[in-house]
Amino acid sequence: MTAISLLVMFLIVPGVIAFYMFRQAFNVLAEDPSKSAVSCLAESRRLMEGNKFRLFQLDMTYIPFIIFSSLPLVLFSYMGMPEVGNYTKLVAIFITFILKLPIYHAMGNLFFGETVFYELMVAKGFSNFIYKGEAVFRAGARAKYFKK
């Protein structure tokens, strides 16, 4: 039993570390599609040096949000589907889709947070972060709210 738990520990922990090490490879490729897969992995490894635990912490902050957004679907699956004649499966598919919407929202927030994390890593922090639409946003807000 101890041997199995040690084997699992020696395979899972390095796997999680490798997962976080190469996690930003897709963002690197999206930013520069001319890069090869190996160079994207190397760039991701370089970017994640010292940032793996930060990204892990960011992921852990979304766990309660994802769990709570999954509750309606889980509760519905335990309650069962009432009989609605010939349309039972169609109604079940529709209700399942509706109940999955909070999960889609939670996962969208997770992916958005990870993308902002990548942008902040590339910009080396908030002080160097430049939002490309900031000038347009500020000009529009200034014109709308600070009329003379």
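The values are calculated or read from the model by the stated rules, or taken from the named source; none is laboratory data. Everything numeric here is computed off the predicted structure, so don't read it as measured data. Glycine also receives a Cβ, built like all others from the backbone with ideal geometry; neighbour counts cover every protein chain displayed.
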**Study point:** Scan of the stretch 47-81 for residues that are out of contact with any Leu (no Cβ under 7 Å at 6 or more places or on another chain) and hydroxyl-bearing (S, T, Y), ordered by number
**Key:** T61, S69, S70, S77, Y78
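Provide a single number: the residues in the stretch 53-82 that are over 30 Å from I95 (Cα atoms), without any contact (Cβ under 8 Å) to a residue 60 or more places away in the chain and crowded, with 16+ Cβ neighbours inside 10 Å. Lay out the reasoning, then the answer.
To start, the set of residues in the stretch 53-82 that are over 30 Å from I95 (Cα atoms) comprises 53-58.
From what is left, the residues that are without any contact (Cβ under 8 Å) to a residue 60 or more places away in the chain are 53, 56-58.
In the following step, the residues that additionally are crowded, with 16+ Cβ neighbours inside 10 Å were identified as none.
Within the stretch 53-82, residues that are over 30 Å from I95 (Cα atoms), without any contact (Cβ under 8 Å) to a residue 60 or more places away in the chain and crowded, with 16+ Cβ neighbours inside 10 Å number 0.
Of all residues in the stretch 1-37, count the ones that are in a loop (DSSP other than H, G, I, E, B) and either surrounded by fewer than 13 Cβ atoms within 10 Å (Cβ to Cβ) or touching a strand residue (DSSP E or B) at 6+ places or on another chain (Cβ under 9 Å) (or both).
Kept after step one, since they are in a loop (DSSP other than H, G, I, E, B), are these residues of the stretch 1-37: 1, 22-24, 32-36.
Now restrict to residues that are either surrounded by fewer than 13 Cβ atoms within 10 Å (Cβ to Cβ) or touching a strand residue (DSSP E or B) at 6+ places or on another chain (Cβ under 9 Å) (or both): 1, 32-34, 36.
The number of residues fulfilling the criteria is 5.
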Practice item. Go over the candidates S5, S34, S39, S44 one by one and state the one that is of a type in the set (S, T, Y) and modelled with pLDDT under 90. Key: S5
Point to revise | Filter result for R46 (part of a helix (DSSP H, G or I) and of a type in the set (K, R)) | key: yes
Check your understanding: Pairs, please: C-beta under 6 Å, at least 6 apart or cross-chain, first residue in contact (Cβ under 8 Å) with a residue 24 or more places away in the chain and in the stretch 20-41, second in a loop (DSSP other than H, G, I, E, B)?
Key -> M21/M48
